[in-house]
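Written below as structure tokens is the structure these notes are about.
The values are calculated or read from the model by the stated rules, or taken from the named source; none is laboratory data. Remember, it's a predicted structure, so these values are computed and weren't measured experimentally. Cβ placement follows ideal geometry from the backbone for every residue including glycine, while neighbour counts extend to all protein chains displayed. SASA here: full protein model, heavy atoms, side chains in, ligands and nucleic acids out. Shrake-Rupley method; radii C 1.70, N 1.55, O 1.52, S 1.80 Å.
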Amino acid sequence: MTNALEGGVAVVTGAGGGIGAAVARTLADAGMSLVLADRSRSLLDAAAATMPREATVITAVGDVGDPSHHAALVTAAEDLGGLTVSVQNAGVVLPGLSWEVPIEQWELQIRVNYWGVVHGVRAALTAMTRRGVGHVVAVASGAGLVATPGLAPYVSSKHAVVGLMESVRHELARAAPGVKASVVCPGNIRTPMTANSLAAAGVAEERLSPVAQQVADTVREGVDHGAAPETVADAVLEALGTGRFWVLPQPEVAIGALDRVQRIVDGREPVDLLG
């Protein structure tokens, strides 16, 4: 597995901490050169400092909602020897009831979580399909397989990413079978995503309605007690070795998705996973 990646080049977005930084370190340990991207220069520099000393690391600050940013990342990877792996990981989550979340926060979450992946996948696959080899990975969420209250923009965008990657997988099987696709659906992972999301939105922690605040507190508690980001990084590395499409690092996510499908088959009401 490691030997297959050694000498390759990986692009990782949202690499300024959490899952992105953990994935980047794992790929660097496997012998890959890195092109790391994030919206925050300070977070990106701090993450780059944790990479193995011998690794080649290029950093780029930018907006994943801008296709030209992704074009520049792919160009940097090509200059290092050719893009091998693309990990689209950048994400934003801002809680609130769907009719109360300001529309600009809806738009930010869709721009980063969905359009960021669309632009990143398109840029990566233009290079990969030309050579007939590569692997594109999108980090969605367990929220891309099951829905929770109080996170409608996030849930919507992550469901869209799962659908996008399924379609991409089928397209590659027909048009470029040497290029692989995977979608990652983690559960609760200990990351500073909430604080980083508020910074991305340019807002302080907002006063939410009582119901939305209860949901936000439940989500935060789950994240605070979640698995380490390396759980996801290890699962991504395994998928790169096996070509696995569905990457669910935590079994409870699969159980929740299975329960959802059974409820659809039975015509039963969906369950509120936050209780």
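Scan region 207-226 and tell me whether some residue there is part of a strand (DSSP E or B), modelled with pLDDT under 95, surrounded by fewer than 18 Cβ atoms within 10 Å (Cβ to Cβ) and touching a strand residue (DSSP E or B) at 6+ places or on another chain (Cβ under 6 Å). No, region 207-226 contains no residue that is part of a strand (DSSP E or B), modelled with pLDDT under 95, surrounded by fewer than 18 Cβ atoms within 10 Å (Cβ to Cβ) and touching a strand residue (DSSP E or B) at 6+ places or on another chain (Cβ under 6 Å). Beta carbons closer than 7 Å, at least 6 apart along the sequence or on distinct chains, pair a first residue in region 218-231 that is touching a residue at least 40 places away in the same chain (Cβ under 8 Å) with a second that is among the small types (G, A, S) for P229/G18; P229/A22; E230/A22.
Taking into account only those residues within region 151-188 that are charged (D, E, K, R) and over 22 Å from S98 (Cβ atoms), which is most open to solvent (accessible area, probe 1.4 Å)?
Only one residue fits best here, namely R174.
Look at region 128-140: where a residue is among the polar types (S, T, N, Q) and a partner is open to solvent by 30 Å² or more (accessible area, probe 1.4 Å), sitting 6+ places away or on another chain with Cβ atoms under 8 Å, you get T129/A175.
W115 passes every criterion in (1) surrounded by fewer than 24 Cβ atoms within 10 Å (Cβ to Cβ); (2) in contact with a Leu (Cβ under 8 Å, 6 or more places away or on another chain) apart from (2).
Determine whether A200 is closer than 29 Å to V61 by Cβ and either touching a helix residue (DSSP H, G or I) at 6+ places or on another chain (Cβ under 8 Å) or open to solvent by less than 10 Å² (accessible area, probe 1.4 Å) (or both).
Considered against the rule, which asks whether it is closer than 29 Å to V61 by Cβ and either touching a helix residue (DSSP H, G or I) at 6+ places or on another chain (Cβ under 8 Å) or open to solvent by less than 10 Å² (accessible area, probe 1.4 Å) (or both), A200 comes out as yes.
For region 52-87, a residue qualifies if it is among the hydroxyl-bearing types (S, T, Y) and either more than 23 Å from S197 (Cβ to Cβ) or surrounded by fewer than 20 Cβ atoms within 10 Å (Cβ to Cβ) (or both), and the qualifying residues are T56, T59, S68, T75, T84.
You will find that of A37, A46, A90, the residue that is of a type in the set (G, A, S), buried (at least 16 other Cβ atoms within 10 Å of the Cβ) and at pLDDT 95 or above is A37 and no other.
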